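Read through the structure below, which is laid out as structure tokens, and then see the notes.
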Amino acid sequence: MKRRSIWIIIGLMSIAMVGMGALQIYWINWSIKLGKKNIEVSIQDALRSVAKNLSDQEQKQAAANPYSREAESLRRNLQSIAQRLPPPLNLQQLIDRELESRGIFTEYRYGVFSSQRNSFVIKNGNYQVDDFSPRVTVPEYTDSELQLINSKYKTPLFALGITTPGYLYMYFPNLNSFIWTSTWKSLLAALLFTGAILFCFIYTILIVFRQKKVSEMKTDFINNMTHEFKTPIATISLAADSIQSPMISGNKDKVNRFANIIKQENKRMLEQVEKVLQMAKFDRENLNLKLAKVDIHILIQQAVDNISLQVTQKEGSIESVFRADKSIIEADENHISNIIHNLLDNANKYTPQKPTIKVYTKDKAESIEIIIEDNGIGLSREAQKHIFEKFYRVHTGNLHDVKGFGLGLSYVKALVTAHSGSISVKSELGKGSRFILNLPYLQSKQ
Ligand code: ADP
């Protein structure tokens with residue numbers, strides 16, 4: 001996938017996410033409003049139903065007995081409302097029934113207000129008056145009565161035309177939280193799902209980028225490998241041709257020389273293959289270290305001697321400064337030797353002109369520290385983060401690339417870790433690099 005298409009997808013997905021989020025906020029808001037409206041309508045409906053129920057009951061009684069109190073009340077309409085109502089607890093049961101049948105289960109207060117007396121005659125299941133005589137009081141209401149009076153939930157009782165003896169007021173102290181309890185679950189679910197989608201999206205994009213990088217590195221690796229093999233194959237082919245040519249086939253010395261070239265090139269190819277295979281093996285197997293007492297100073301000196309020819313050819317110098325008193329460690333000699341070789345080889349490879357390479361050793365509490373320093377091309381901060389990854393190589397643009405597979409340092413890192421050691425790098429572009437290696441004196445027995 002091209003980088004551009006990835007960015008286009010990220011852009012589209014972000015727009016879609018923002019749009020989805022906005023839509024969700026809109027819907028949730030809308031559903032809260034709708035829920036609130038529904039509850040309000042149900043409450044009003046319940047109130048009307050209570051009023052109708054009360055009127056119906058009175059009319060039924062009046063029809064049954066024309067001389068009853070109910071019949072008299074109906075005729076005169078303005079008789080004390082407290083007397084026309086059923087006892088407060090029955091009234092409350094009626095209200096309960098109407099609310100519950102509409103799914104409204106939240107605490108409420110109620111009061112019956114007498115127009116004649118200008119005060120509440122029944123409140124929350126209790127009579128508020130001793131006598132039911134029509135007595136006009138100076139209106140002075142308590143806070144809870146004001147809450148009732150200011151509530152929008154009210155219905156006229158026993159209304160006849162425009163005259164009404166009183167009102168039933170209702171007040172719901174926890175109405176908002178009741179509405180919330182019916183919506184918070186969907187809100188939470190929406191938030192969770194959106195969060196999950198966002199997380200998966202970001203994670204997927206990160207994986208795409210990582211995979212892209214890995215695939216680029218693998219392509220580089222294959223290109224490199226092909227390149228590395230082409231030269232020896234061409235050389236071998238030329239040498240074989242030469243041996244076959246009649247001018248040379250008779251000359252034993254020359255045949256021998258070309259045969260030697262073939263052998264050397266073959267050996268080089270074998271080494272390359274070995275390097276790649278070894279790395280592949282690390283992936284699959286646990287490292288099996290052959291531990292023994294190893295003198296680090298001797299190993300370093302051997303590696304320095306091996307590489308010094310190449311360094312002096314570039315008019316450079318390499319020196320070792322052994323400051324550690326204790327240089328014997330428990331390790332796998334072969335691997336440690338490879339590690340030091342790899343680091344010295346890199347120090348030389350990545351210093352194009354006159355390398356000055358220094359190797360120091362130092363005693364630490366539980367380990368020996370080995371520092372390999374060069375004055376080469378150095379590494380950027382970004383490169384320093386990745387050089388220990390498999391196949392990673394710094395691109396040097398159009399400059400003639402130094403050969404390599406990007407495997408050396410990942411091998412070094414894997415082995416140092418297997419020895420319970422550590423490796424880090426300090427470097428500045430254009431100035432040089434310093435690799436700091438710590439290897440413990442003893443390996444824990446496991
Ligand atoms: P290779 O050398 O085969 O490419 P390595 O794993 O040994 O692979 O190194 C990874 C990359 O780290 C190299 O390609 C190079 O860009 C960078 N590098 C390693 N050692 C040095 C060094 N001493 N100075 C500058 N760059 C280095």
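Computed values, structure above
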item	result
Accessible surface, 1.4 Å probe, highest first, among residues MET279, MET13	MET13, MET279
Extension gain (nm, one decimal) between ASN251 and LEU34, 0.36 nm per residue minus Cα-Cα	67.8 nm
Distance (nanometres) between label positions extended 7 Å along Cα→Cβ at GLN353 and LYS2	4.0
Candidate lysines - alpha carbon under 16 Å from LYS123, same-chain residues fewer than 8 apart omitted	LYS154
For the range 327-446: rounded, prolate or oblate by the Cα gyration tensor [a/c cutoff 1.5]	prolate
Heavy-atom accessible area order for VAL321, VAL50, largest first, 1.4 Å probe	VAL321, VAL50
Approximate spin-label separation ALA240-ILE298, in nm, with each point projected 7 Å along Cα-to-Cβ	4.3
Hz values of 3J(HN,Hα) by residue in the range 184-199 - Karplus curve (6.51, -1.76, 1.60), Gly and Pro given as x	5, 5, 5, 5, 5, 4, 4, 4, 4, 5, 4, x, 5, 5, 4, 4
Computed lengthening from PHE199 to SER115, 0.36 nm per intervening residue step minus Cα-Cα distance	24.0 nm
Using θ = phi - 60° and Karplus 6.51 cos²θ - 1.76 cosθ + 1.60, couplings along the range 87-96 (whole Hz; Gly, Pro as x)	x, x, 5, 5, 4, 5, 4, 5, 4, 3
FRET efficiency estimate (nearest 0.05) - Cβ-Cβ, ALA159 to LEU23, R0 56 angstrom	0.75
Efficiency of FRET from Cβ geometry, ASN223 and ASN174, R₀ 51 Å, rounded to 0.05	0.10
Straight-distance crosslink candidates among lysines, where the alpha carbon sits under 21 Å from LYS2 and sequence neighbours closer than 8 are dropped	LYS212, LYS213, LYS218
For ILE318, residues with placed amide H under 5 Å, excluding near neighbours	ILE357
Other-chain or far-sequence residues with amide H under 5 Å of GLN443's (modelled H)	GLU330
Order of exposure, largest accessible area first, which applies to VAL255, VAL394, VAL359 with probe 1.4 Å	VAL394, VAL255, VAL359
Qualifying GluC sites (Glu not before Pro) for the range 339-440 [loop in DSSP, other Cβ within 10 Å: at most 15]	GLU366, GLU389
With all protein chains modelled, accessible area of HIS335 [1.4 Å, Å²]	30
Anisotropy class of the range 45-84 from Cα gyration tensor, a/c 1.5 cut	oblate
Carbon/sulfur fraction of accessible area - the chain, other protein chains in place, 1.4 Å, %	57
Cα shape, the range 278-365, gyration tensor, a/c 1.5 rule	oblate
Calculated FRET efficiency for the pair LEU12/GLN44, C-beta based, R₀ 56 Å, to 0.05	0.75
Cα-only Debye scattering, the chain: base-10 log of I(q)/I(0) at q = 0.06, 0.09, 0.11, 0.13 Å⁻¹	-0.57, -0.78, -1.00, -1.16
Under 23 Å from the Cα of LYS254 - lysines, other chains or at least 8 residues apart	LYS263, LYS267
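The values are calculated or read from the model by the stated rules, or taken from the named source; none is laboratory data. Because the structure is predicted, anything quoted here is derived from the model rather than measured. Glycine gets a Cβ as well: all are built from the backbone with ideal geometry, and neighbour counts include every protein chain shown. For the accessible areas, the whole protein counts, side chains as well, though only heavy atoms, and no ligand, DNA or RNA atoms are used. Shrake-Rupley method; radii C 1.70, N 1.55, O 1.52, S 1.80 Å.
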